[in-house]
Amino acid sequence: MVEAEMVEAMEFPELSDRHRVSGVPQTTINDGAGHVVGAVPEDHLIAEINNALKKVAVK
Amino acid sequence: MTQRLLNDQVIGQVQEVFDQLKEPVEVLFFGQKDNCDYCDETLQLLQEVTDISDKLTLQVHDIDEDAELARQYKVDKAPGTVIAGRDGDKIVDYGVRLAGIPSGHEFSSLVHDMVLVSSRDSGLGAKTRQALAKLTEPILLQVFVTPT
C-alpha cells in the first residue's frame with residue numbers, strides 16, 4: 001500500500017519545480033496532496049498522510 | 001579499465017554493515033540510452049556495491065526496452081533503482097525505489113535500504129504500523145534529496 005521513492009532533486013528539476021522543492025529532504029505525499037520539509041518523525045508523517053488523504057476526499 | 005568508484009576503505013566499511021544482511025536482496029536497475037547523465041555511473045556504483053555480498057544480486061534493464069517491467073515496478077525515471085527482496089526465484093517488491101544516483105549522503109541510504117529490505121522488517125514502531133494497516137488507498141512518498 002505504501003511506496004517510497006528517493007528522488008535526486010538536481011537530476012529531475014521538472015519534478016522538483018512542480019513540487020516547489022526549496023529545502024531537502026522534502027517528502028511529497030501522493031504527487032502533491034501533502035508535503036513536509038525536513039526530517040519527519042513517524043507520528044508526524046502519519047498525521048501528514050492522513051491530512052493529505054482527507055484533502056483529496058474533500059475535493 | 002574504468003576506475004572504481006568505491007575505494008578499499010569504503011568497501012571495508014560497507015562490508016561491515018553488510019554483515020547484518022539476512023535474506024537475499026535483488027536490485028533492479030533501469031537505465032536509458034539517451035539523455036541520462038548519471039545512468040552509467042549509477043550502474044557502476046550498483047555493480048560495485050552488489051559485488052560486496054553474495055546476498056545481493058543485480059538485474060540490469062532499460063526503461064524503454066523493458067517498459068513493461070518498468071511499469072510493473074513503477075519506475076518512470078532513469079536511472080531508476082528498485083531494492084527488492086528475493087525469495088527463491090520470486091522477486092518481492094516492497095515499494096522501495098531510488099530515482100537518480102545514490103551518491104554522497106544517499107550512498108548510506110542505499111546501503112541502509114539494502115539492509116532493511118534484507119531484514120524483511122521496516123523497523124517502524126507499533127503505532128505507525130497500526131496506522132498504516134488502516135490505509136485504504138495507496139500512498140506514494142517521494143523524498144527529494146540532493147547528494148551533498
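Just so it is clear, none of the values below were taken in a lab; they were calculated from the coordinates. Because the structure is predicted, anything quoted here is derived from the model rather than measured. Don't worry about glycine lacking a Cβ; one is built from the backbone with ideal geometry, like all the others, and counts go over all protein chains shown.
Data overview
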read-out	value
Antiparallel DSSP beta bridges within the protein assembly as shown, as percent of all bridges there, nearest 5	55 percent
Antiparallel bridges, percent of DSSP beta bridges restricted to the stretch B:1-122 (to nearest 5)	65 percent
On Cα atoms only, tilt of A:42-58 relative to the major axis of chain A in degrees	80 degrees
Sparse-neighbourhood loop sites, GluC sites (Glu not before Pro) in the stretch B:33-107 - DSSP loop, at most 15 other Cβ within 10 angstrom	B:GLU65
Neighbour-count ranking [beta-carbon atoms within 10 angstrom, fewest first] of A:ILE49, B:ILE91	B:ILE91, A:ILE49
Reciprocal mean inverse distance between Cα atoms of chain B - Kirkwood radius, Å	16.2 Å
Extension gain, B:LYS90 back to B:GLU41 (0.36 nm per residue minus Cα-Cα distance, nm)	14.9 nm
FRET efficiency estimate (nearest 0.05) - Cβ-Cβ, B:ASN7 to B:ASP121, R0 30 angstrom	0.45
Estimated 222 nm signal from helices in chain B, with DSSP H stretches of n ≥ 4 weighted -39500 (n - 2.57), rounded to 500	-10500 deg cm²/dmol
B:VAL92 long-range amide H proximity, modeled H, under 5 Å	B:GLY85, B:ARG86, B:ASP87
